[in-house]
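Readers should treat all values here as calculations from the given coordinates under stated rules, not as data from a laboratory. Remember, it's a predicted structure, so these values are computed and weren't measured experimentally. With ideal geometry, Cβ positions are generated from the backbone for all residues, glycine too; neighbour counts draw on all protein chains shown.
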Amino acid sequence: MIKGWLYTENSSARKEAELFSDEQSFRLTSSESEPVSGSISELEISQRVGNIPRKITFPDRSLFETAENDAVDSLLSSSGHKSRHVGMLHIFESCWQWVAIALVATLAVGFSTVYWGMPYASKKIAYSMPVAVTAAISDQTLALLDKSILEESKLDPDKQNAIREHFKEKLLTLQNEGFEYELHFRDMPKIPNAFALPSGDIIITDRLVQLADSQEEIDSVLLHEIGHVVHRHGLQRVLHSSFVTFALVLASGDITAINSLAAAIPIFLLESHYSRENETESDVYAFEHMINAGIDPIYFSTIMDKMIKYSLVEDKVDDGNEPDHESSSKKNTSNEEVMKDKADAEEQFKYFSSHPLSQERIELAKKYSEKFSRQISR
Amino acid sequence: MNQVDQPQMAASALPFEFTGTGGEFFKIWIMNLILTILTLGVYSAWAKVRTNRYFYGNTKLSNSSFDYHADPIVLLKGRLISVALLLIYIFLGNLFPVAGLVFAVLLSLVVPWVIWRSIQFNARMTSYRNVRFSFDGKLGSLYKYILLLPFIPLIVAVIIGAVVGYQSYSSGSSYFGTAGFVIITIGLFAMYLMVPYIQKAITAYYINGHNYGQGDLSAELSGRKYYLVYLSLIGWSILIMIGLSIAIGVVAVLAGVDTSPMLQGLASAGVGGAPDISALPTLGTLAALSLPFLFVGIWFKAYTTAKIRSHVFANTKMDDVIQLESNMGVMRLFVFYLVNFLLMVATLGLAYPWVKVRIARFSADATLAHVTGNLDHYISQQQNYQSALGDEMGEAFDVGADVGLSF
């Protein structure tokens with residue numbers, strides 16, 4: 001016997017009722033109405049979720065509600081009711097072994113998807129996109145950047161042309177991927193920087209050109225940017241962040257999760273991680289192609305070194321006068337302590353940074369430089 | 001047995017109860033998660049139904065529970081459409097910023113409709129004692145509250161600003177544009193001033209649109225109360241900021257820390273190119289520094305939620321029979337939020353089911369229903385009002401849209 005409440009269709013008036021059953025048939029008695037009986041197979045029985053009240057709907061749409069979940073389960077199994085298997089979920093849910101397996105499996109699948117699956121898929125998709133599509137992506141980007149953070153270059157046009165010519169004749173002849181590269185000169189006040197758009201547009205800032213003492217240093221930076229284009233890093237990043245956002249929305253089942261801090265931190269950490277991997281990949285690309293073109297990869301480390309020192313000087317000079325690089329870099333090389341502080345700070349922020357530690361990049365350049373010297377001497 | 005027979009029957013207070021437990025829901029949650037993963041997301045609709053049934057079924061008033069009735073297949077259709085739109089939006093936004101923006105604007109035109117359908121659907125899928133809720137709020141009002149009212153100050157300001165700017169330009173004034181710029185800035189500021197009013201309007205719309213059977217839910221909210229809550233929040237935040245700066249200063253002096261390079265570092269962080277973080281403090285100091293702000297942020301949330309909830313509930317009733325009350329204290333809510341936050345951080349999110357159950361229990365415990373007369377009798381009179389209108393709903397967009405109504 002199962003005790004519960006009986007409701008007639010669409011009504012919230014209820015009366016106490018008792019449900020009796022033998023193998024195939026049931027009989028429902030309630031205080032105020034005639035007993036009803038019939039076959040158990042005609043009943044609609046709600047799925048069990050935890051211990052919430054169970055609902056049994058009769059053919060006349062009246063409803064029997066009971067808290068006696070276990071009794072309903074045994075009625076289901078002994079009668080061979082068509083819904084008896086939907087109870088499976090509850091069996092899984094109430095057994096700690098299954099829960100433990102599910103937990104481990106979820107963590108394992110989740111981790112591998114995030115750690116290997118998504119980057120792999122991003123890479124595969126990025127590489128399978130035709131070059132024309134990749135190029136179309138950044139169509140509007142340069143125009144947007146020009147309106148916001150970039151200013152017109154103040155470099156001597158002859159110098160620009162010389163670098164552009166060199167870029168076309170020496171560096172682009174190394175490429176055969178089908179990208180159409182174009183070099184743009186722009187100014188970002190006081191910031192030495194270079195970046196590439198997926199289309200093959202490479203932007204280099206005035207300050208970086210001024211910092212470089214030789215064509216080879218500029219070459220090393222440009223080859224690094226070409227590396228980003230060839231490896232389709234821009235597209236990979238877009239795909240990857242889309243995947244991460246999408247997975248988070250699915251996992252939490254809430255679209256507003258995109259905005260919450262709890263979601264933002266893991267996304268940021270993950271993307272920084274893959275961004276660092278991409279930087280290293282482009283570094284390696286640059287070093288290998290420098291060796292092929294007969295340029296010593298050590299030039300990459302010298303320009304990196306200048307950029308670090310420049311950023312230190314910039315902190316001190318703050319604004320107003322243009323820093324005098326000759327004297328200030330001398331001042332700083334003597335100031336070993338400042339360099340060490342900087343390295344310490346970088347070390348602590350390792351996991352937040354979009355770029356690998358400068359020191360590691362310089363070391364890698366030196367390694368390739370040794371390889372280069374060995375090849376020359378051979 | 002009606003009220004005329006028993007005029008002496010005073011209002012009795014009935015508590016809401018939540019009877020679920022974290023451990024039980026954890027098991028349901030983890031099964032939902034693994035099945036969702038294994039089915040590449042398709043199961044998420046079934047997961048949603050199980051989750052909602054668990055929470056509704058464990059929320060009780062007067063020993064009867066609520067129930068959730070959505071058909072997973074119906075949910076799945078809505079989800080597939082939402083997922084497709086979300087994917088398009090993410091990709092466009094990342095790949096073609098301009099096209100992404102256009103798409104977002106177009107999408108925002110449908111948002112009120114989607115929310116409206118979603119509220120309607122969720123009301124319809126909720127029952128208590130075999131009688132369903134329903135929602136008959138007007139779609140037009142929602143468009144007004146979401147897409148029109150918030151932008152009125154800005155539209156007005158832009159028009160005035162353009163006129164003023166043009167006049168000063170044609171009169172050859174050297175202040176060309178300045179006045180216009182100031183007016184538009186004021187317009188932007190006025191947008192923020194509208195927020196409490198709009199929040200009040202949407203909440204009232206939400207409650208007033210709901211019915212339980214033939215029973216009518218209604219709320220008379222006061223915009224003044226909303227503004228008072230936010231005003232006192234501003235007062236508190238000024239006090240807290242002064243207190244915090246003094247405290248940080250004192251600590252810094254005592255510890256002999258020079259904070260100026262730290263602030264410089266913060267100011268210069270985020271510059272592109274070579275990492276420029278030499279002046280940044282160590283992670284430890286940074287965390288210690290941001291911790292008070294985190295506490296303050298959580299406290300703000302607790303303050304507004306508790307105050308507004310108690311105002312809303314105190315003015316919400318059903319047919320002069322049921323009158324709600326919220327007794328959430330600000331401090332208790334603050335500690336509650338803080339514990340939830342720590343639980344989530346410490347377990348890397350695995351405590352999510354416990355936190356969800358904690359929230360449900362906390363909300364239920366802080367809610368009372370004052371009943372005039374006999375609840376059983378009143379409820380027994382309610383018939384399904386919507387069933388006469390037909391059951392067809394079309395696709396259900398259950399977006400879980402947060403309209404600022406998390407009670």
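Listed values, structure above:
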item	result
Using a Förster distance of 22 Å, the FRET efficiency for B:Leu80-A:Tyr127 (Cβ separation, nearest 0.05)	0.20
A:Glu165/B:Ile88 FRET efficiency (R0 35 Å; Cβ-Cβ; nearest 0.05)	0.25
Rg/Rh for region A:1-123, where both radii come from Cα atoms and Rh is the Kirkwood radius	1.21
Straight-distance crosslink candidates among lysines, where the alpha carbon sits under 19 Å from A:Lys154 and sequence neighbours closer than 8 are dropped	A:Lys190
Added length on full extension, which subtracts the Cα-Cα distance from 0.36 nm per residue, B:Met194 to B:Met344	50.6 nm
Karplus-derived HN-Hα couplings along region A:358-364 (A = 6.51, B = -1.76, C = 1.60, θ = phi - 60°), whole Hz, x at Gly and Pro	4, 4, 5, 5, 5, 4, 4
Proximal lysines relative to A:Lys371, as straight alpha-carbon distance under 22 Å, when same-chain residues fewer than 8 apart are discounted	A:Lys170
Shielding score for A:100-107, defined as the mean number of other chain Cβ atoms within 10 Å	5
Efficiency of FRET between A:Asp305 and B:Leu40 - r from beta-carbon atoms, R0 35 angstrom, step 0.05	0.10
A:Asp283, A:Asp213 arranged by Cβ crowding within 10 Å, fewest neighbours leading	A:Asp213, A:Asp283
Taking B:Trp116, A:Trp96, B:Trp29 and counting other C-beta atoms within 10 Å, the order from fewest to most	A:Trp96, B:Trp116, B:Trp29
Sequence-distant lysines (8 or more away, or on other chains) whose Cα lies within less than 18 Å of A:Lys168	A:Lys159
Which of B:Thr367, B:Thr372 has the fewest Cβ neighbours within 10 Å, and the rest in rising order	B:Thr372, B:Thr367
Under-5 Å amide H pairs with B:Asp216, H placed in peptide plane, nonlocal only	B:Asp319
Radius of gyration and maximum dimension Dmax of region B:1-150, Cα, Å	20.8, 71
Backbone HN-Hα couplings from phi across region A:128-134 [Karplus 6.51/-1.76/1.60, Hz, Gly and Pro as x]	7, 6, x, 4, 4, 5, 4
Label-point separation, B:Ile155 to B:Val98 (7 Å along Cα→Cβ), nm	2.7
Equivalent ellipsoid, region A:115-214 (semi-axes from 5 times Cα gyration tensor eigenvalues, Å)	28, 17, 13
Cα radius of gyration and Dmax for region B:99-169 (Å)	19.2, 69
Given A:Lys123/B:Lys27; A:Lys147/A:Lys367; B:Lys317/B:Lys356; B:Lys60/B:Lys144, the pairs whose alpha carbons are separated by over 30 Å	A:Lys123/B:Lys27; A:Lys147/A:Lys367; B:Lys60/B:Lys144
